[in-house]
Amino acid sequence: MVRTRVLVVGGSGYLGQHLLQGFAGKPYDLAFTHHSSPPQRLLDAISPPPFAFHVDLQTGQGFDAITNAFGQPHVVVNCAALSVPRACETDPTAAMAINVPCSLVKWLSSFGDSTTLLIHLSTDQVYEGVKSFYKEEDEAVPVNMYGKSKVAAEQFISSNWPTFVILRSSIIYGPQTVSPVTKSLPIQWIDGVLSRGEGTHFFYDEFRCPVYVKDLVNIILALTEIWISDNRQMQLVLNIGGPDRVSRVQMAEAVAACGGYNTSLIKPVSASSVNRGVNSPADISMDISKLVRLLGITPISFKDGVKLTLENDDPS
Ligand SMILES: NC(=O)c1ccc[n+]([C@@H]2O[C@H](COP(=O)([O-])OP(=O)(O)OC[C@H]3O[C@@H](n4cnc5c(N)ncnc54)[C@H](OP(=O)(O)O)[C@@H]3O)[C@@H](O)[C@H]2O)c1
Ligand SMILES: *[C@@H]1O[C@H](CO)[C@@H](O)[C@H](O)[C@H]1NC(C)=O
């Protein structure tokens with residue numbers, strides 16, 4: 001029997017590393033791509049180590065080596081992106097070239113059949129942010145370049161690849177990766193300022209449904225298993241979030257409660273009082289009932305996720 005081949009594009013990033021760990025426990029042949037350096041400490045921790053490939057999504061350079069050494073994957077999870085909204089705003093050309101997976105789909109098309117399931121990471125920032133609990137059918141009206149590039153990616157995939165799942169994820173939080181990522185992680189950042197006793201501004205009028213990273217990993221593992229056992233064409237768009245709609249102030253309060261910090265350090269301000277160099281949608285909380293109904297997975301509460309995050313993070 002042919003073993004299932006899974007390729008994680010952007011396996012060196014925050015979600016990518018957690019995903020590789022999740023897939024490592026499964027009977028699949030595993031490969032991933034990186035753009036800068038491979039996550040060496042993670043590779044040392046996974047046995048057998050996954051195949052590693054250097055790929056540049058802007059040019060498509062590196063995909064041929066995957067064809068030769070690994071072959072056509074049954075499942076591709078695309079976690080690669082220019083994922084920082086401000087970076088997308090400063091360099092829209094790079095945002096479009098990296099976030100719209102043209103070179104990836106072109107490579108998949110080169111196999112001559114379209115049997116690969118493409119699981120693609122999108123964002124809650126496809127929504128405008130002017131109401132609560134967006135549903136998948138609601139119109140996508142992005143307010144910044146990051147959101148625009150992600151909407152363009154969704155449209156590109158829907159028109160050019162027949163079998164896909166698009167995951168519109170809220171803020172992903174959880175423990176640091178085995179090979180630490182350099183970008184600042186949301187819960188760890190809040191924990192840092194509060195534990196140092198620094199009074200800090202938090203928005204009371206910006207709402208998200210943060211999702212615990214291991215829930216997202218389990219969702220992707222479940223979709224992979226459904227695809228392998230059913231092999232029915234999938235064309236799915238799913239909101240991915242936790243069960244709680246929280247403001248930035250409420251996020252900080254949850255961290256303070258968990259770490260035993262003085263809540264007077266949390267200074268509530270309006271998001272409109274700060275210029276972040278990029279428009280940020282106000283309320284992009286999402287209705288996740290489709291996810292719960294289709295996969296039977298209920299993500300954990302924000303409070304429990306914060307606890308697990310801070311327990312797991314070794315401060316050394
Ligand atoms: N983190 C969140 O809170 C969040 C929320 C909503 C949606 N998302 C989406 O979820 C996905 C994963 O997010 P993440 O936080 O794991 O992102 P991340 O940590 O920034 O990782 C990005 C990945 O993309 C790769 N990459 C960047 N430029 C590339 C290029 N030109 N060619 C090939 N690969 C390139 C990076 O490779 P190197 O590191 O090797 O350079 C890295 O593996 C992204 O699509 C993101 O937009 C994330
Ligand atoms: C929290 O900080 C405020 C202001 O510095 C102080 O008045 C209050 O006593 C502190 N509360 C606790 C429980 O330490």
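The values are calculated or read from the model by the stated rules, or taken from the named source; none is laboratory data. Given the structure is predicted, the values throughout are model-derived calculations rather than measurements. Positions of Cβ are backbone-derived with ideal geometry, glycine not excepted, and every protein chain shown enters the neighbour counts. Accessible surface areas use protein heavy atoms only, side chains included; no ligands, DNA or RNA. Shrake-Rupley method; radii C 1.70, N 1.55, O 1.52, S 1.80 Å.
A few points about this structure:
- Looking only at residues in the range 181-240 that are closer than 26 Å to Leu310 by Cα, in contact with a strand residue (DSSP E or B) (Cβ under 7 Å, 6 or more places away or on another chain) and aromatic (Phe, Trp, Tyr), the one that is surrounded by the fewest Cβ atoms within 10 Å (Cβ to Cβ) is Tyr204.
- For the range 88-104, filtered to residues that are in contact (Cβ under 8 Å) with a residue 40 or more places away in the chain and among the aliphatic types (A, V, I, L, M), the residue that is most open to solvent (accessible area, probe 1.4 Å) is Met96.
- Pairs are defined by a Cβ separation below 6 Å, a sequence spacing of at least 6 or placement on different chains, a first member in the range 1-30 that is aromatic (Phe, Trp, Tyr), and a second member that is open to solvent by 10 Å² or more (accessible area, probe 1.4 Å) and near ligand 1 (Cβ under 8 Å from one of its atoms); the pairs so defined are Tyr14/Val181.
- Pair list, Cβ < 7 Å and 6+ apart or interchain, from the range 256-267 residues that are under 14 Å from Val306 (Cα atoms) to residues that are assigned to a helix (DSSP H, G or I) and within 11 Å of ligand 2 (Cβ to nearest atom): Ala256/Thr263
- One residue stands out in the range 269-281 among those that are within 16 Å of ligand 1 (Cβ to nearest atom) and not polar (S, T, N, Q): the one that is most open to solvent (accessible area, probe 1.4 Å), namely Arg276.
- Scanning the range 140-184 for residues that are closer than 18 Å to Ile240 by Cα, in a loop (DSSP other than H, G, I, E, B) and not small (Gly, Ala, Ser) gives Val141, Pro142, Ile171.
- All positions within the range 99-116 that are at pLDDT 95 or above, more than 14 Å from ligand 1 (Cβ to nearest atom) and either part of a loop (DSSP other than H, G, I, E, B) or in contact with a Lys or Arg (Cβ under 8 Å, 6 or more places away or on another chain) (or both): Ser110, Phe111, Thr116
- Hits in the range 288-309 (condition: assigned to a helix (DSSP H, G or I), in contact with a Gly (Cβ under 8 Å, 6 or more places away or on another chain) and open to solvent by 40 Å² or more (accessible area, probe 1.4 Å)): Leu308
- Among the residues making up the range 50-81, a single one is within 6 Å of ligand 1 (Cβ to nearest atom), of a type outside the set (Asp, Glu), over 21 Å from Gln21 (Cβ atoms) and open to solvent by less than 50 Å² (accessible area, probe 1.4 Å): Leu57.
- Enumeration of residues in the range 254-268 that are surrounded by 14 or more Cβ atoms within 10 Å (Cβ to Cβ), among the aliphatic types (A, V, I, L, M), part of a helix (DSSP H, G or I) and within 16 Å of ligand 2 (Cβ to nearest atom): Val255, Ala256, Leu265
- Residues of the range 144-162 satisfying the condition of being more than 15 Å from ligand 1 (Cβ to nearest atom) and buried (at least 20 other Cβ atoms within 10 Å of the Cβ): Trp161
- For the range 260-281, the set of residues classified as closer than 22 Å to Thr90 by Cβ and touching a helix residue (DSSP H, G or I) at 6+ places or on another chain (Cβ under 9 Å) consists of Ala271, Arg276, Gly277, Val278, Asn279, Ser280, Pro281, listed by residue number.
- Criterion (touching a residue at least 12 places away in the same chain (Cβ under 8 Å) and at positive phi) met by exactly one of Gly242, Gly277, Gly305: Gly277
- Within the set Trp189, Trp227, the sole residue that is out of contact with any Phe, Trp or Tyr (no Cβ under 6 Å at 6 or more places or on another chain), touching a residue at least 12 places away in the same chain (Cβ under 8 Å) and among the aromatic types (Phe, Trp, Tyr) turns out to be Trp227.
- In the range 235-253, the residue that is nearest to ligand 1 (Cβ to nearest atom) out of those that are assigned to a helix (DSSP H, G or I) and farther than 19 Å from Asp215 by Cα is Arg248.
- Flag for Thr177 being surrounded by fewer than 21 Cβ atoms within 10 Å (Cβ to Cβ) and of a type outside the set (A, V, I, L, M, F, W, C): no
- All positions within the range 24-49 that are open to solvent by less than 10 Å² (accessible area, probe 1.4 Å) and in contact with a helix residue (DSSP H, G or I) (Cβ under 7 Å, 6 or more places away or on another chain): Ala31, Phe32, Pro39, Leu42
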